[in-house]
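Please read the structure below before turning to the comments.
Rule-based calculations on the coordinates, nothing more; no lab input. Everything quoted here is computed from the prediction, not taken from an experiment. Positions of Cβ are backbone-derived with ideal geometry, glycine not excepted, and every protein chain shown enters the neighbour counts.
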Amino acid sequence: MRTLPAIASLAVALSLSIVPAAVAGTTAKVGGPGGSSTVVMDCGSSAFIVGLTAEAGKDTFVAPNVLRRLKFTCRPFSGTSPSSSTTQTREAVASTRSSYNNSRNSVLCAQDRVIHNLELYAGLYVDRIATADCRTSASSQAFLNVNVGGDGGSPKFLECPNGEGLYKVEARVGSAIDSLKGTCRVFGAAAEQPLIIQIQNSLSPKPTGSSPVKILPRAAKTFSFKISGTVNQRTRVGIASETDLLGGGSANPPEFTLEILNPAGNVVASRTVLKPYPGTVQSVVVTINAAGTWKLRVTNLKRSYGALDVTGVYGGGPP
């Protein structure tokens, strides 16, 4: 009797109760509708915002005291373990420099914390950055006083959902910094979920036996999944499949290639599968070494007939 690959057991494991994954997303925009350009201040795929440098003031004696310059400090994390090094984002710089009532400050969270929210004052412009809320992976809070800017505007928050931290901020910029909008990702307990949970919860699309994803001859389909913080772990990612013509199964067995693309879009693992044993999950071994969106690309190697029906995508099994 032929032994099925170990990854086949994933189908059973994935039918068990799944812990919902926290969903990362964007914050509400803070500030006004103006600005002539957008500056994206992005820490990258495996880092979080952990500090900032800001400058504010008036460009004339009677002008409002508003935010004029802003950039962020980033720290890479492996899961929730911080790197000792930091980097800087691009800087959002207003076209008009301040000459009166200047204020400037730089703040940095403790090494194990990321910025969860910024307390701002804003109206037509971002008038003031008041505080930064630094949080640990267990959501313990510590506030840093920034206090850069004037007294105008009303209190607003550039705030992530619980369990997440900022990693990117977009600024609309003109003569001042008109508005800010943040993007968050999971940091903390949710980021430490096993790979099998992270892959299944975030998989798109999700094929089933009753609703397979069909791949025509000489065509390819891509499945994506998001990894939050689990790095440097070898695992298997694979598919269950069959052809839909000439009886399927042993009469016309599948022939396909599996490729894993990392968040940078590079192929980091691949395997060609020819006529696999019916009913098995065929997989490729890959090292998950960065947070972000990973992809599984499946190419049907049949040249003229026999569409490939993908009935399941599984990941997180032992290498």
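Listed by chain and number, the lysines whose C-alpha is less than 21 Å from the C-alpha of Lys221, apart from same-chain residues fewer than 8 away, are Lys206, Lys275, Lys295, Lys302. For the range 289-319, the list of chymotrypsin sites (Phe, Trp or Tyr not before Pro) that fall in a loop by DSSP and count at most 13 other C-beta atoms within 10 angstrom reads Tyr305. Across the alpha-carbon atoms of the range 30-191, the computed radius of gyration and Dmax are 15.1, 49 angstrom.
Principal axis extents of the Cα atoms in the range 260-319, from largest to smallest and rounded to whole angstrom, are 37, 25, 17. Between the range 174-213 and the range 82-133, the C-alpha centres lie 26 angstrom from each other. Placing +1 on the Cβ of every Lys and Arg and -1 on the Cβ of every Asp and Glu, with no other charges, gives the range 30-191 a dipole of roughly 240 debye about its Cα centre. Highest mean first, the peptides 109-117, 30-38 sorted by other C-beta atoms within 10 Å per residue fall in the order 109-117, 30-38.
Just the ratio, please: alpha-carbon radius of gyration of the chain over 2.2 N^0.38 Å, N its number of residues. Don't skip to the answer; put the middle values down first.
Working: Rg = 24.5 Å, N = 319, 2.2 N^0.38 = 19.7 Å.
For the chain, the normalised Cα radius of gyration comes out at 1.25.
With θ taken as phi - 60° and the Karplus curve 6.51 cos²θ - 1.76 cosθ + 1.60 applied, the whole-hertz 3J(HN,Hα) list for the range 116-131 is 8, 7, 10, 8, 10, 10, 8, x, 6, 10, 7, 7, 7, 9, 8, 9 Hz, x standing for glycine and proline. When Rg and the Kirkwood radius Rh are both evaluated on Cα atoms of the range 141-195, their ratio Rg/Rh stands at 1.07. For a straight C-alpha distance cut-off of 24 angstrom, the lysines reachable from Lys156 (same-chain residues fewer than eight places away being disregarded) are Lys29, Lys58, Lys71, Lys168, Lys181. In debye, nearest 20: dipole of the chain around its Cα centre with unit charges on the Cβ of K, R (+) and D, E (-)? Charge dipole, the chain, about its Cα centre: 700 debye, nearest 20.
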